[in-house]
Each structure stands twice: as structure tokens, then as C-alpha cells.
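For reference, the structure discussed in these notes is given below.
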Amino acid sequence: MIINRLQATREDLYSSIDGLSNEQLNRKPAEDRWSISQVLYHLAQTERFFVSLLEKEGSSDEGPVKERNLEKYTDRSVKVKAPIEPKSDYFTFEELAARLDRARDNTAAFLSKSDDQTLASKSLQHPVLGPLSLKQTAEFIGIHEKRHIAQIEEIKAELASTEVN
């Protein structure tokens, strides 16, 4: 089930930030780069956006589209400009976790009233990837999160190297 895969990825996300202080979460590796807090905020924002698209398009008559390999979008060597920029406000872990959990609750609610066949038979225009089935759009929430888990690991490494110097 899609929601189970999304939950497994969310557990990986929380594991990647386990033990980080609020200061570490909010520190940017460079002025023009995102902090981990901004990445987490972006993930919650984006998931809410995708679910709103899914809810809107779930009632449309757009037909099926060919499925494609979404795993390639976890490749961080290919840079993508985020269409949804996060706030640069200071957030605590608790605030960010609440945002992420609310977004996931909305995703779970949508998926609980949808079946894979219906999700596969309808499509929408993804703002970056173009036409995607509703099923692949829901799966992309997890792919997008995996991509940003890798980004978080990069940020952690950069922050650790600047703390040593």
C-alpha cells in the first residue's frame, strides 16, 4: 500500500534528524542554502500541496497516463529549483513534526478513501514532472521525501565539517 511506503520513508526522515538540536535544525550551511528546518517545512508544505491536487483531480475525468520510473528523482546530482520555497523562520522540532504529521494525516485520509485502480486511472499535471497518474503523484510524495533525506544528510555533513574547523 502507498501509505505504508510513505510511512516507512517518514520513519527514515525522523531517523535522519534524530538527536539534532533546534539550533542544528535551523543552522544554514551557507547563506544561499536551506537549513534542515527549511527542508522539513518544505516537505510539509509540498505534501499538503500534492494532497490538494489529488483531492481536486480525484473528481476529474482526466484519463490514465503511462507510469514512469520516479526513483530517478532521488538523484541529488540533478538540481531542481523548488517551486515551493520554505519560510526561513526559526522552528522547533516539535513545530516541524506537527506540520509534517498533519500533512501525513491528510495524505492518509485521502488514500484511505481511494483505491489503487481509481488512482491509476486518473491523472493530473504535476508542476515539475508533467502528466502523472494520481497513484504516482501519491507515490511521489515519498520519492520527494527521499530526495530531501539525502539533502539533510548533506547538510548535516557540511555543518559537522564547519563545527570541526
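Residues in segment 28-40 that are more than 16 Å from ALA150 (Cα to Cα) and under 20 Å from the mean Cα position of the chain (by Cα): 0 in all. Quick check, is SER133 closer than 19 Å to LEU6 by Cα, loosely packed, with under 14 Cβ neighbours inside 10 Å and in contact (Cβ under 8 Å) with a residue 40 or more places away in the chain? No. When ALA150 is tested against (1) crowded, with 16+ Cβ neighbours inside 10 Å; (2) in contact with a Ser or Thr (Cβ under 9 Å, 6 or more places away or on another chain); (3) in a helix (DSSP H, G or I); (4) in contact (Cβ under 8 Å) with a residue 60 or more places away in the chain, only condition (1) is not met. Screening ALA160 on (1) farther than 21 Å from ARG48 by Cβ; (2) in contact (Cβ under 8 Å) with a residue 24 or more places away in the chain shows it passes everything except condition (2).
Kindly evaluate GLU23 against the criterion of being free of Cβ contacts under 8 Å to residues at least 24 places away in the same chain, surrounded by fewer than 19 Cβ atoms within 10 Å (Cβ to Cβ) and under 14 Å from GLU145 (Cβ atoms). Considered against the rule, which asks whether it is free of Cβ contacts under 8 Å to residues at least 24 places away in the same chain, surrounded by fewer than 19 Cβ atoms within 10 Å (Cβ to Cβ) and under 14 Å from GLU145 (Cβ atoms), GLU23 comes out as no.
Bear in mind these aren't lab numbers, they're just calculated from the coordinates by the rules spelled out. What you are looking at is a predicted structure, and each value in this text was computed from that prediction instead of being measured. With ideal geometry, Cβ positions are generated from the backbone for all residues, glycine too; neighbour counts draw on all protein chains shown.
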